[in-house]
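*Asks:* One structure, as structure tokens, below. Some questions next.
The values are calculated or read from the model by the stated rules, or taken from the named source; none is laboratory data. The model shown is predicted, which means the values in this text are computed figures rather than measured ones. Note that we place each Cβ from the backbone using ideal geometry, even for glycine, and neighbour counts take in every protein chain shown. Keep in mind that these areas ignore ligands, DNA and RNA; they rest on the heavy atoms of the full protein, side chains included. Shrake-Rupley method; radii C 1.70, N 1.55, O 1.52, S 1.80 Å.
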Protein chains: 2
Amino acid sequence: MDTAERLIESTQQLLWERGYVGTSPKAIQRLAGAGQGSMYHHFAGKPDLALQAIRRSAEQLCAQAEERFSEPGSAYERIAAYMLREREVLRGCRVGSLAHDPEVVASPALREPLSETFAYLRRRIEELLREGLDRGEFVEGMAPAGVAAALVAVVQGAYVLARSAGSAEEFERAVRGGLDLLSAYTARPAAPAEPRQQEEKT
Amino acid sequence: MDTAERLIESTQQLLWERGYVGTSPKAIQRLAGAGQGSMYHHFAGKPDLALQAIRRSAEQLCAQAEERFSEPGSAYERIAAYMLREREVLRGCRVGSLAHDPEVVASPALREPLSETFAYLRRRIEELLREGLDRGEFVEGMAPAGVAAALVAVVQGAYVLARSAGSAEEFERAVRGGLDLLSAYTARPAAPAEPRQQEEKT
DNA sequence: GTCTATATCTAGATAGAC
DNA sequence: GTCTATCTAGATATAGAC
């Protein structure tokens, strides 16, 4: 693997762990095993390198999500597969966590991949919901665009709850709660993709 | 207002805007109009000062939320009042945004107020949901603890979507989507606290 | 309680040799 | 393409005078 590539991957990792503000060129170089001169030869500086890294992470995230969206199964099942997929919860979302970084948000260029990612996720879930409505999988009365946004938000918010509590179980609880809400719109009890949470339903 | 107080409030503001990693003692002193010696006289250092500031923000947030939870009205209406309350959306959540800061999450002391805040919000919403179930406001089949966690997560995630897009409308859309989902569990169409979103319901 | 001086380390880069 | 040297600024304090 060449140096530029190692620098990008190291930056991806550090942005995930420490955010943009918390990531220094020196730390990137150390992790990539590259010198100062090497980094400034391949990239114009920290913002340039960060942009490449953020774009890469955004693409990878969308690709991972698309794998779940395009599985066989009902709309509910495919949405559940996305929301419940294996995650390193306590590390946070590689893309979403950057939305709290002041310098990322202040830079239209750095912010754009975030914006694209969430627009993509929302749009794909909206499509699945409309498909489900057409097939009679959901009862009428649901506004697909809003519900899709809410489901994406549940996942991002679930990371916040889990990291605040220092426990991945909080993620699980919030996401299953979101699916519980979605199931209230299913025309007949949806067969959940995973066994239900323990909490008894009143 | 005395110096210690001004230092705490300045720290609250900077933590909100820039996070813990992005906030320097010097910036705090500048904003508070206090000198180095003054800050280190009143506080042991940055972590100590930050702890006081985070606790303060957490208390204020819970108090603000409690105002909405204890309004008159149905459970749905009080939850909606909390979720739709006036917010400076693009600034993010003063408490939730700290959940993305690596040094806050790594410190049990700094993390505790976050954990407490979200536990409180979730518990209060769960109580409202149970109350609503007892009164027949919601149909059976809802798991209140999970749904409460999901609703808290929707709000936190909505901040992420809005800041990523650079637009407060994304917040609005996600939160209304969350309420749309909750309304699917209402025994009869809930009277929304605010006019419905424009999107036509299919 | 507050101030100024000082100290050490890192951030984020530029310059020029190899 | 990579390395080392150098630079200015800021982070995060401690020391001691006033």
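*Asks:* Relative contact order for region B:13-107: what percent, with Cα pairs under 8 Å and sequence separation of 6 or more?
*Replies:* Here the relative contact order equals 41 percent.
*Asks:* Oh, and also: Over the Cα atoms of region A:1-152, what is the Rg over Rh ratio if Rh follows Kirkwood?
*Replies:* Ratio of gyration radius to Kirkwood radius for region A:1-152: 1.08.
*Asks:* Quick query: amide H of B:MET142 versus all other amide H atoms, modeled in the peptide plane; which residues come in under 5 Å with a sequence gap of 5 or more or a different chain?
*Replies:* Answer set, sorted by chain and number: A:THR202.
*Asks:* Still on this structure: Can you compute the FRET efficiency between B:GLU9 and B:SER70 using 1/(1 + (r/R0)^6), with r the Cβ-Cβ distance and R0 = 30 Å? Round to the nearest 0.05.
*Replies:* In this case the efficiency is close to 0.70.
*Asks:* Got a sec? Charge dipole of chain A, +1 on Cβ for Lys and Arg, -1 for Asp and Glu; which of A:LEU14, A:SER183, A:SER164 is way out at the positive end?
*Replies:* Checked the options; the winner is A:LEU14.
*Asks:* Ignoring everything except DSSP H segments at least 4 long, calculate the 222 nm mean residue ellipticity for chain B; use -39,500 (n - 2.57) per segment, divide by total residues, nearest 500.
*Replies:* -21500 deg cm²/dmol, from helical runs alone.
*Asks:* Would you mind checking the radius of gyration and Dmax of the protein assembly as shown based on alpha-carbon positions, in Å?
*Replies:* 21.8, 69
*Asks:* What ³J(HN,Hα) values, in whole Hz, does the Karplus curve 6.51 cos²θ - 1.76 cosθ + 1.60 give for region A:91-107 when θ = phi - 60°, with x put for Gly and Pro?
*Replies:* Result, rounded to whole Hz: 7, x, 7, 4, 9, x, 5, 6, 5, 9, 8, x, 7, 5, 5, 6, 9.
*Asks:* Quick one: label points 7 angstrom along Cα→Cβ at A:ALA63, distances to the other copies in nm, smallest first?
*Replies:* 5.0
*Asks:* Using +1 on the beta carbon of Lys and Arg, -1 on that of Asp and Glu, and nothing else charged, what's the dipole of region B:70-156 about the Cα centre, debye to 20?
*Replies:* 160 debye
*Asks:* Ordered shortest first, which distances in nm separate the 7 Å Cα→C-beta label point of A:SER38 from those of the other copies?
*Replies:* 4.8
*Asks:* Relative contact order for chain B using alpha-carbon pairs under 8 Å, separation at least 6, rounded to a whole percent?
*Replies:* Across chain B, relative contact order equals 21 percent.
*Asks:* In whole Hz and in residue order, list the ³J(HN,Hα) couplings for region B:79-90 that follow from phi through the Karplus curve 6.51 cos²θ - 1.76 cosθ + 1.60, θ = phi - 60°; x for Gly and Pro.
*Replies:* Karplus-based 3J(HN,Hα) across region B:79-90 equals 5, 5, 4, 5, 6, 9, 4, 3, 9, 8, 3, 6 Hz.
*Asks:* Can you give me the long-range amide H partners of B:THR186? Hydrogens built in the peptide plane at 1.01 Å from N, cutoff under 5 Å, separation of 5 or more residues or another chain.
*Replies:* B:VAL139
*Asks:* Could I ask something else about it? Evaluate the charge dipole of the protein assembly as shown about its Cα centre and quote only its size in Debye, nearest 20, assuming +1 on the Cβ of each Lys and Arg and -1 on the Cβ of each Asp and Glu.
*Replies:* 820 debye
*Asks:* Follow-up question, since we're still on this one. Along region B:160-177, what does the Karplus equation 6.51 cos²θ - 1.76 cosθ + 1.60 (θ = phi - 60°) give for ³J(HN,Hα), rounded to whole Hz, x for Gly and Pro?
*Replies:* Using θ = phi - 60°, the values come out as 4, 5, 5, 5, 5, 7, x, 9, 5, 5, 5, 4, 3, 4, 5, 5, 5, x Hz.
*Asks:* Related question: Give the distance, in whole Å, between the Cα centre of region A:40-80 and the Cα centre of region B:120-151.
*Replies:* Each part reduced to its Cα centre gives a spacing of 35 Å.
*Asks:* Take the solvent-accessible surface of the protein heavy atoms, probe 1.4 Å, and return the percent of it on the protein assembly as shown that carbon and sulfur atoms account for.
*Replies:* 48 percent
*Asks:* Toward the positive end of the charge dipole of region B:1-101, about the Cα centre and with charges on Cβ (Lys, Arg +1; Asp, Glu -1), which of B:LEU49, B:GLN29, B:ALA81 goes farthest?
*Replies:* Highest projection toward the positive end goes to B:GLN29.
*Asks:* Right, another one. If you place +1 on the Cβ of every Lys and Arg, -1 on the Cβ of every Asp and Glu, and leave all else neutral, what size is the dipole of chain A about its Cα centre, to the nearest 20 Debye?
*Replies:* 440 debye
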